Amino acid sequence: MHEKTIELELRAEVLLQDYNPVKKSIERLGLLHSHTKRLSVMFFGEVDSKKIDIRVRITDGECEVVIKKGEFGSHDRIETSQNISSTEFLGMVKVFSQFGFIMKVGERDTFNYTLPDGVIISLVSAGPVSYVELEKMSSEDDLEENNKQIKQYADQIGLKLLKSEEDFKLLCDCLNEKSDWFFNGTNEEYSKLGEMLNDYIED
């Protein structure tokens, strides 16, 4: 398992008419280091009254399980990850489906940019919905300073950051309506998921 760390992450929704201007602003500040396509099965629930966000996902052929602890819309969740093989993907979905969490399936097309000071900016498209994630892995000691730094980059790009759990919920509602689909673990849904997974497995 990878060492636990704090994922400092701020988000902003990007309206359709703003997508190209935002992309150009990001490109002026940062260097494109990857363009990824990802399929995720997402689990949202609680353990001991603490919010848990689990992802079984495949990104450009590489599979992993990611567990994040903390409020779903917060900017400083604890993250732990473990690589898995593509043959384990559906099995891990079946394991985590036993938790009784809310489950969703989503696909993301993402441009990832590296900025100075170790900041990563991701411009994410999920069907007709787009948003930006600004991220920097941090420790408790440098959270405050890194938070200020990320907000300065957001200002330069012209982003209106999500400010609350309610803002984050509205973005999730939009994704649910226009892009993602709820997963209930039926045989038909596992068949559909398996077919989708095959499209992401590299030969």
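What to note about this one:
- Meets criteria (surrounded by 18 or more Cβ atoms within 10 Å (Cβ to Cβ), within 18 Å of the chain's Cα centre (by Cα) and under 13 Å from ALA12 (Cα atoms)) for ILE157: no
- Of the strands (runs of 3 or more DSSP E) contained entirely in region 34-96, those carrying at least 1 residues that are hydroxyl-bearing (Ser, Thr, Tyr) fall at 50-59, 76-84.
- Residues of region 141-149 include none that is of a type outside the set (S, T, N, Q), buried (at least 16 other Cβ atoms within 10 Å of the Cβ) and out of contact with any Gly (no Cβ under 9 Å at 6 or more places or on another chain).
- The strands (runs of 3 or more DSSP E) falling completely within region 102-203 include none with 1 or more residues that are modelled with pLDDT under 90 and at positive phi.
- Inter-residue pairs, beta-carbon under 6 Å, first of a type in the set (Gly, Ala, Ser) and in region 149-177, second assigned to a loop (DSSP other than H, G, I, E, B) and surrounded by 11 or more Cβ atoms within 10 Å (Cβ to Cβ), 6+ apart: ALA154/LEU161
- Verdict on ILE121 being touching a Leu at 6+ places or on another chain (Cβ under 6 Å) and buried (at least 16 other Cβ atoms within 10 Å of the Cβ): yes
- Restricting region 86-112 to residues that are in contact with a strand residue (DSSP E or B) (Cβ under 8 Å, 6 or more places away or on another chain) and basic (Lys, Arg) leaves a set whose member that is surrounded by the most Cβ atoms within 10 Å (Cβ to Cβ) is ARG108.
- Some residue of region 13-30 being loosely packed, with under 15 Cβ neighbours inside 10 Å, assigned to a strand (DSSP E or B) and hydroxyl-bearing (Ser, Thr, Tyr): no
The values are calculated or read from the model by the stated rules, or taken from the named source; none is laboratory data. Keep in mind that what you see is a predicted model, and the values were worked out from it rather than measured. No Cβ is skipped: glycine too gets one built from the backbone with ideal geometry, and neighbour counts run over all protein chains shown.
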